[in-house]
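Asker: Before we start, here is the structure in question, set down as structure tokens.
Values quoted throughout were computed directly from the atomic coordinates according to the rules given, and no laboratory measurement underlies them. For clarity, every value in this text was computed on a predicted model and none was experimentally measured. In this analysis, Cβ positions are derived from the backbone assuming ideal geometry, glycine residues included, and neighbour counts consider all displayed protein chains.
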Amino acid sequence: MQQEEEDDYFTAKKAFLETEDRLLKVRVRQNLLDGKLVQLFENVQKLTDIVQKTDNHNFQ
């Protein structure tokens, strides 16, 4: 009986560590994507400013 409990423990521990590893990879990927989204937003803002300045200049 004790052997089965130890086997169950090690199986659960292995599953936990594998899940923890996958979650770490997901978090790293999320942080990377977050940085890219911030850059994209900044670039869109810059382009919006350029277009608005161009439009305002054309109307004057």
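Asker: So if I check each of 42, 4, which one is acidic (Asp, Glu), in a helix (DSSP H, G or I), loosely packed, with under 10 Cβ neighbours inside 10 Å and free of Cβ contacts under 8 Å to residues at least 60 places away in the same chain?
Answerer: After applying the criteria, what remains is 4.
Asker: Which residues, taken from region 19-49, are under 19 Å from the mean Cα position of the chain (by Cα) and acidic (Asp, Glu)?
Answerer: Passing the criteria: 20, 21, 34, 42.
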